[in-house]
Amino acid sequence: MRDLPRLPSSPGFWRSPLRGPWFTSVLGLVLLVGVTVLFVTGLVSYAAYNPGLSPVNDTTPDKGLLGFYLFAWPTGPVWLYRLTQGVHVTLGITLIPVLLAKLWSVVPKLFALPPARSLAHALERVSLLLLVGGGLFEFTTGVLNVQLEYVFPGSFYPLHFYGAWVFFAAFVAHAVLKAPAAVRNVRRRGRRTGELVSPRPDLPTVSRRGALWFVAGGSLLLFVTTAGQSIGGVLRRTALLAPHGGPDPGTGPNGFQINKTAAYAGITPADTHQDAWRLVVTGRTGTVRLTRAELLRLPLHSSALPIACVEGWSTADQWWRGVRLRDLAALVGYEDTPPDVFVESLQRHGAFRHTALRSNQAADPRSLLALYVNGEDLSPDHGYPARVIVPAAPGVMNTKWVARLTFGDL
Ligand SMILES: Nc1nc2c(c(=O)[nH]1)N[C@H]1C(S)=C(S)[C@@H](COP(=O)(O)O)O[C@H]1N2
Ligand SMILES: [Mo]
């Protein structure tokens, strides 16, 4: 035992017989596909906020060239953001065991000495620091945002957004360098050579395949305890890992998930009482003030639309009934195509009290200022007296307790 290496920098220090090119390569190829999907769905989610439209939507200042790909977010299919963001969050959580196993499998390299054998080797190690650091950062900030809800006041989006670009740049470099060898390693199952293989392995307690099944089992467990929050129906009850302890929506027409309650937002019955509340609509021809009773005398329309939050949860379609946004635009001088619209809530504080919608969203006949849901008045927690509901958009654009709509170029 005397000559057992004590320092993690000596190859013999790492004894697991599982480590080797095959194990690392299988995990690497899973991450190659998975992380690419995460990156794309993440960029898509950013585009869905219509960040170019208004500073209130864009919580990522100075994105510069990184916004090159932005496009006007479409209004259909209505489940679009439900799908992209459900995939983003569920896949991210599911990949956590794979990421951890992959890092475990290459940890001896972290301690390898000398720190750099050549300039190329030094550059490679720096890129690995960005890769590992960026990866851990993205997964951690993502999970914290979902689980703790906005632990980073106002700054999650820029952190996650810039982190994603750093991570993905290092990821692409790594994939270009390693993917061909990884494919070869997976094909040549038997070979047990290479720097990851321990020179003095312990006796195996589990096969490499068994270890992979263990990782896959962890991922499966996370998947089945997460996915239900965006699939809905009875499967919602299987979403054990979805954030809990939120307001209980109860049952009945308004019995679907509540993000922020009226009490949290500081909305009181005095604010929403029929004598106090007015909808103020402003546009080309001036300003119109409407009571809820006056709104109810305008043509009412119904749309079946979900709410899909950036946190990954979503609701099944609910039946909303109210006044079309484009009909409200017509009241203030936009008879043909409505322009962009700035939506403000009664709420006085908080990042989600206002949003900007693009003209394609205002123009869609399914976009409503909803007054009813599932045949009943909106409940206070779902935005009474009136809320916006827009097809395919992130939940945050469905402003509750609406007080003011300002149509015009933003
Ligand atoms: N005024 C206001 N509107 C808001 C919010 C808010 O905090 N304040 N939260 C938004 C977010 S993030 C989501 S996901 C949806 C959730 O709507 P729900 O609580 O009716 O399910 O409302 C949106 N509208
Ligand atoms: Mo949300």
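Brief remarks on what is shown
- Taken as a whole, the condition of being buried (at least 19 other Cβ atoms within 10 Å of the Cβ), touching a residue at least 60 places away in the same chain (Cβ under 8 Å) and acidic (D, E) applies to D381.
- Count of residues meeting criterion [charged (D, E, K, R), in contact with a helix residue (DSSP H, G or I) (Cβ under 6 Å, 6 or more places away or on another chain) and not in a loop (DSSP other than H, G, I, E, B)] in region 313-367: 1
- Q361 away from ligand 2 (no atom under 16 Å from the Cβ) and not β-branched (V, I, T): yes
- Scanning region 282-312 for residues that are in a strand (DSSP E or B) and surrounded by fewer than 22 Cβ atoms within 10 Å (Cβ to Cβ) gives T282, G283, G286, T287, V288, R289, L290, H301, S302, S303, A304.
- Checked across region 392-402, the condition of being more than 10 Å from ligand 1 (Cβ to nearest atom), in the same structural domain as V281 (by TED's automatic domain parsing), closer than 12 Å to I307 by Cβ and touching a Ser or Thr at 6+ places or on another chain (Cβ under 6 Å) holds for at least one residue.
- Of the helices (runs of 4 or more DSSP H) lying entirely inside region 78-147, those containing at least 1 residues that are at pLDDT below 95 and either among the hydrophobic types (A, V, I, L, M, F, W, C) or surrounded by fewer than 20 Cβ atoms within 10 Å (Cβ to Cβ) (or both) are 96-110, 119-144.
- Selection from region 382-399 of residues that are closer than 19 Å to G312 by Cα and in a loop (DSSP other than H, G, I, E, B): V390, P391, A392, A393, P394, N398, T399
- Exactly one residue among F407, F352, F342 is more than 27 Å from P247 (Cβ to Cβ), among the aromatic types (F, W, Y) and either within 16 Å of ligand 2 (Cβ to nearest atom) or under 24 Å from the mean Cα position of the chain (by Cα) (or both), and that residue is F342.
- For region 322-345, a tally of residues being charged (D, E, K, R) and either free of Cβ contacts under 8 Å to residues at least 12 places away in the same chain or surrounded by fewer than 18 Cβ atoms within 10 Å (Cβ to Cβ) (or both) returns 4.
- The numbered conditions (1) out of contact with any helix residue (DSSP H, G or I) (no Cβ under 7 Å at 6 or more places or on another chain); (2) free of Cβ contacts under 8 Å to residues at least 12 places away in the same chain; (3) within 21 Å of P306 (Cβ to Cβ) are all true for P253 except (2).
- Verdict on S127 being in the same structural domain as F214 (by TED's automatic domain parsing), more than 21 Å from the chain's Cα centre (by Cα) and in contact (Cβ under 8 Å) with a residue 24 or more places away in the chain: yes
The rows are residues; the columns are (1) touching a strand residue (DSSP E or B) at 6+ places or on another chain (Cβ under 9 Å); (2) within 16 Å of ligand 1 (Cβ to nearest atom).
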residue	(1), (2)
G210	no, no
S230	yes, yes
V234	no, no
K260	no, yes
A263	no, yes
D275	no, no
H301	yes, no
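The values are calculated or read from the model by the stated rules, or taken from the named source; none is laboratory data. All of these numbers come straight from a predicted model, not from anything done at the bench. With ideal geometry, Cβ positions are generated from the backbone for all residues, glycine too; neighbour counts draw on all protein chains shown.
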